[in-house]
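Notes follow the structure.
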Amino acid sequence: MANKITINPVTRLEGHGKIDIFLNDNGDVADAYFQVTELRGFERFCIGRPAEEMPRIVPNICGVCPTPHNMASTKALDYIYGVAPTPTAKLVRKLQYNANFIEDHYIHFFFLAGPDFVVGPDANPAERNILGVINKVGLDIGKKVIEVRKKTREIIKLVASKPAHPEGGLPGGVPRGITEEERKTIRRTADLSVEFAQFAMKLFKDTVLKNKNYLDLVLSDAYNLKTYYMALVDDTKKVNFYEGKLRVIDPSGNETAFFHPNDYADYIGEWVEPWTYIRLTHLRKIGWKGLIEGEGTSLYRVGPLARYNVCEGMATPLAQKEYEQMVETLGKPSHHTLAYHWMRLIEALQAAEDLQNIADDPLLTGKNIRNMNFQFTGKGVGCVEACRGVLIHDYETDDNGMIKKVNLIVATQHNAAPISMSVKKAAQAFIKGGEVKEGMLNMAEMAFRAYDPCLGCATHTLPGKMPLVIDIRDHEGNIIKTISR
Amino acid sequence: MADKPKLAICWFGGCGGCDEAVVDLNEDILKVTNAFDLVLWPVALDFKYHHIEAMEDKEITLSIINGSVRNSEHEEIANLLRKKSKIVLAFGACACFGGTPGMANMRSKEDIFQWVYEDAPTIVNPKHNVPQPVSNTTGYELTLPEFYGQVHPLNQIIDVDYYLPGCPPPPNLIYNAVSAAIAGNLPPKGSTLAPERALCDVCDRNKTKPDRLAISQIKRIHEIEADPEKCFLAQGVVCTGPATRSGCGETCIKTNIPCRGCFGPVEGIADMGAKYLSAFASIVEADTEENRKNLIESLDDPAGYFYRFTTASSLLKKRRDASKKS
């Protein structure tokens, strides 16, 4: 430890997450570990707080995806107070929620992952960023990205104060409704979002699917991992971000569980390892089998690829068409990790179409925004699909509605063990005979970047996006090379 | 290019929301990238730490730092950026006061570990594993950083030149701060780059505030249908507006929810909770001293209301700061 700190101070700047790669005598990759290095403890310091304050505290778990935390918390409050939100309140919540899916999916595609494809996986690192993307696609498009993000975040601001820290969210309702004037603006933003979603979709197809090298990469074994999948679906098993039941399929695509989120603890276990601060989720009924893939595994993945595999279609027509094309190309289930990106863009389209539907719903501007017919229970599980996957907030209160228990299970936690394995497989594919090519760094990064991992969420702790340090070690554990970003 | 002043943006124990807030400058961010050479911004750009190390002292004009200091990594980089920068700006509630995660200072590290790795209902831990700084269970030596027992605002670790509070800071104040740094007309060192007055003084609902504010019953926010135009305190709901610095744009109030103090205390006040408590006590109305006491005691979780964002910078628990790794 001390040696490493001295040799490798870079790690300590950028090392919110860390990867260790171990080589065997031949210089091939024997093993690789993806470690999460932080812990913050929201589950403990929220104890003693009034339950209704939780939707205002938990957004600080992650400022990149604060809306899902705000929403899961608000839904937990519905259960604690035994009330369903009024139809208008539910529409206002879904307004915020879909707006979040649009802006968050695009910040990932254009700022974080897009540079790999649009600028190129082995492009000059100094250009492999959002400015490089803008250079490539043109300033007008760059401004369009900014405009869509700005306007969808304005919707969040309208109903929840601050996009990076949404406030509000009350049991059975929302603190504020929508005026007719605001509805018109929202409808225009929705139209803009649908148009932009179709553009982004085309950009992805032109850049990735029509480029044989990229497509080969997407379909290669380096980026393939056979696991179970878990996602929320509605009654017709369509993708639903806001509510539904949790469905699990095995690596062959067969349904193995279908349950109400309230029962999550019967199905999900969290394993503790001494080498990471993150708790490794797995299917509890199978039991912990370690970091293995295939039929014997108990690991599952969440997020866009899981939603693609678990659902039986999209909830809106344009998104459904795109989904069908994806099924035609990749089949189901698809274990191709890079296919996360494709589904992410289809979801942004569904969210945009949904925004149109909500804006057109006459109930949106209704005055009845609170259901105060409380039937206090003191217990609540709030479950949503966050952009990165299934998010669960489980609270218990005393008779006065003060928090006495908090359990949080977040998207990147479900994906943590699979991310570790994905990085290992990519490393094994690209590092041979002890030779570490410079481009290998980005190839390994692409393996985890597809998940859009959010380590802030993962440990209820630190920032949303992760810089990375990779240590390459020989068979004696000595660091022979460090690559950092 | 070489003539442009250099700008670094860095995160420590934050949530990423402050970085999102910089992106929320929208088109204006292009003005910032025109005026400055960005030399570090981990969320968006690929510049490395060794680039910073190789720089001359004070070569960076402005370092914008968000997040609190929770471990030695944060402390090391805080020191490095301090050394290489002319101006250090503590950005956002966590860097300025510790933020909501600072509430963890009310609990011990052991308490947090016990729940997170043993007691939580979904834990399956037959071997009673606990994350270790050095572990060998995989057959390889793997290491993890070790954490301080407390959350620290930035100025408990390094000298800070300016403060920009908020969770997160709003775009107009970010733009003003960066513009002032470009123009070289920043106020005296130590200033907070936000208005000095209290939120109440600029709040639209102030005109509905009665001349003599009096609370005879404390209400929790879900218990009432809040009047969207009336002062929250006049409705019996805790609102930290009287003690909180203005500048946020009153976005929470406009969403019909009360202030929780993310902008920290008004100018000249060190301990926000103490300031608020005295303001609150003066408006509590009861006929007898005992009723008055009962009324104040009926307020659940005063620490969580009054110190929501400032626990780590408060005068509470100062003694625990003596030992960072406690």
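Throughout, read-outs are computed from the coordinates displayed, never taken from laboratory work. As the structure is a computational prediction, the values presented were derived from the model and not from experiment. A quick note on method: Cβ atoms are made from the backbone with ideal geometry, for glycine too, and the neighbour counts reach across all protein chains shown.
Key figures
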item: Intensity falloff of chain B expressed as log10 I(q)/I(0), Debye formula with alpha-carbon point scatterers, at q = 0.09, 0.14, 0.15 Å⁻¹; result: -0.56, -1.14, -1.23
item: Pair A:Thr256, B:Ser298: separation of 7 Å Cα→Cβ label points (nm); result: 5.4 nm
item: Diffusion coefficient, µm² s⁻¹, Stokes-Einstein with Kirkwood Rh over alpha-carbon pairs of the range B:173-249 at 20 °C and 1.002 mPa s; result: 145 µm²/s
item: Within-15-Å neighbourhood charge of A:Asp361 [Cβ basis; K, R +1; D, E -1]; result: +2
item: Chain A - percent relative contact order, Cα under 8 Å, separation 6 or more; result: 29 percent
item: Eligible lysines near B:Lys6 by straight Cα distance, threshold 16 Å, same-chain separation 8 or greater; result: B:Lys31, B:Lys48, B:Lys58, B:Lys83, B:Lys84, B:Lys86
item: Distance histogram for the range B:18-155 (every C-alpha pair counted, 5 angstrom bins, percent rounded to whole numbers); result: 2, 8, 13, 17, 16, 14, 11, 9, 6, 3, 1, 0
item: The range B:204-270: GluC sites (Glu not before Pro) in DSSP loop, at most 16 other beta carbons within 10 Å; result: B:Glu225, B:Glu229, B:Glu267
item: The range A:304-398, Rg to Rh (Cα coordinates; Rh as Kirkwood inverse mean 1/r); result: 1.10
item: Over 20 Å [Cα-Cα, the range A:232-390], rounded percent; result: 58 percent
item: Angle in degrees between helix A:411-430 and the longest Cα principal axis of chain A, rounded to the nearest 10; result: 20 degrees
item: Taking A:Leu345, B:Leu164 and counting other C-beta atoms within 10 Å, the order from fewest to most; result: A:Leu345, B:Leu164
item: Förster-model FRET efficiency, 25 Å R0, A:Leu219 and A:Glu295, C-beta, rounded to 0.05; result: 0.70
item: Most mobile of B:Ala54, B:Ala104, B:Ala303 in a GNM of chain B (Cα contacts under 10 Å); result: B:Ala54
item: Neighbourhood net charge (14 Å Cβ-Cβ; Lys/Arg +1, Asp/Glu -1) for B:Pro121; result: -3
item: Net charge of neighbours whose Cβ lies under 12 Å from the Cβ of B:Glu223, counting Lys and Arg as +1 and Asp and Glu as -1; result: 0
item: Over chain A: helical MRE at 222 nm, DSSP H runs n ≥ 4 each giving -39500 (n - 2.57), nearest 500; result: -13000 deg cm²/dmol
item: Peptide-level mean, for B:23-32, of C-beta atoms on other protein chains within 10 Å; result: 4
item: For the range B:199-318: relative contact order, % (alpha-carbon pairs under 8 angstrom, 6 or more apart); result: 26 percent
item: Bins of 10 Å from zero: percent of alpha-carbon pairs in the range B:199-318; result: 13, 46, 35, 6
item: Value of Rg/Rh across the protein assembly as shown [Cα atoms, Kirkwood radius]; result: 0.94
item: Ellipticity estimate at 222 nm from DSSP helix runs (n ≥ 4, -39,500 (n - 2.57)) divided over chain B, nearest 500; result: -7500 deg cm²/dmol
item: Relative contact order, percent, chain B [alpha-carbon distance under 8 Å, six or more residues apart]; result: 18 percent
item: Descending Cα extents along the principal axes, the range B:96-242, whole Å; result: 69, 50, 22
item: Under 13 Å from A:Lys226, Cα to Cα: aspartates and glutamates that are on another chain or at least 8 residues apart; result: A:Asp250, A:Glu293, A:Glu295
item: nm² value of the averaged projected area, convex hull over the Cα atoms of chain A; result: 21.7 nm²
item: Proxy reagent accessibility, fewest Cβ within 10 Å first, across B:Arg308, B:Arg205, A:Arg188; result: A:Arg188, B:Arg205, B:Arg308
item: Rg(Cα) / (2.2 N^0.38 Å) computed for the range B:47-103, rounded to two decimals; result: 1.17
item: Helix A:87-106 vs. chain A, principal-axis angle (Cα, 0 to 90°, nearest 10); result: 20 degrees
